[in-house]
Amino acid sequence: MTDSHVSTWILTLVLFGVALILNKKGNAKGFKIIHMILRVFYLLTIVTGVMLLYILSPMYIVKIVVGLWIISLIELILIRTAKNKKTSVLWYQFGFAFLLVLYLGLKLPLGFHPFS
Ligand code: HEM
């Protein structure tokens, strides 16, 4: 049931990594294309996440906010990296938000729940 959501956010992370590598290699055209595909995956992650909503408890609201926070961070990191600007603060947030969203997603009732 959570498969489509997990698949889309994993692909989002993979494309994020590919975009960073392409940028490092100086492949501006490849970076632009992957960045555009990545934006479609942001939407797919959000849509598949919303489709899993069946109640709106406080924990779900936090899960959604942190999920959206991660997507915003990916976008900000890519834009700032491409402009050669500092991204360390964004990366700290990314690490923290990613661990938090994994915990919340796995703690909530659908799909896998190793923490409950
Ligand atoms: C990159 C961002 C995101 C990551 C890494 C992520 C991660 C996860 C994980 C690990 C799960 C648990 C899956 C399972 O147990 O099988 C999950 C479930 C879920 N996610 Fe996300 N998510 C992200 C974005 C979003 C967004 C943007 C939304 C909403 C708009 C959302 C809503 C949900 C909902 C409602 C569930 C079901 C929770 C449950 O009842 O178990 N997620 N997500």
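Looking only at region 1-33, count every residue that is within 17 Å of the chain's Cα centre (by Cα) and modelled with pLDDT under 95 and tell me the total.
Of the residues in region 1-33, 2 are within 17 Å of the chain's Cα centre (by Cα) and modelled with pLDDT under 95.
Looking only at region 67-90, count how many residues are more than 7 Å from the ligand (Cβ to nearest atom), in a helix (DSSP H, G or I) and surrounded by 12 or more Cβ atoms within 10 Å (Cβ to Cβ).
13
List pairs: first in region 104-116 and more than 8 Å from the ligand (Cβ to nearest atom), second at pLDDT 90 or above, Cβ under 6 Å, 6+ apart or cross-chain?
Pro114/Leu106; Phe115/Leu106; Phe115/Lys107; Ser116/Lys107
May I ask you to list pairs of residues, at least six apart or on different chains, whose Cβ atoms are under 9 Å apart, with the first in region 47-67 being on the phi < 0 side of the Ramachandran plot and the second being basic (Lys, Arg) and more than 9 Å from the ligand (Cβ to nearest atom)?
Pairs found: none.
Which one of these does Met36 not meet: (1) out of contact with any helix residue (DSSP H, G or I) (no Cβ under 9 Å at 6 or more places or on another chain); (2) in a helix (DSSP H, G or I); (3) of a type outside the set (S, T, N, Q); (4) within 27 Å of Lys107 (Cα to Cα)?
(4)
Checking Thr87 against (1) of a type in the set (Val, Ile, Thr); (2) under 15 Å from Leu13 (Cβ atoms); (3) touching a helix residue (DSSP H, G or I) at 6+ places or on another chain (Cβ under 8 Å), which single condition isn't satisfied?
(2)
Applying the selection to region 37-66, what residues are touching a Leu at 6+ places or on another chain (Cβ under 8 Å), more than 10 Å from the ligand (Cβ to nearest atom) and charged (D, E, K, R)?
none
The values are calculated or read from the model by the stated rules, or taken from the named source; none is laboratory data. A quick note: this is a predicted structure, and the numbers were derived from the prediction, not measured. Neighbour counts run over all protein chains shown; Cβ positions are idealised from the backbone, glycine included.
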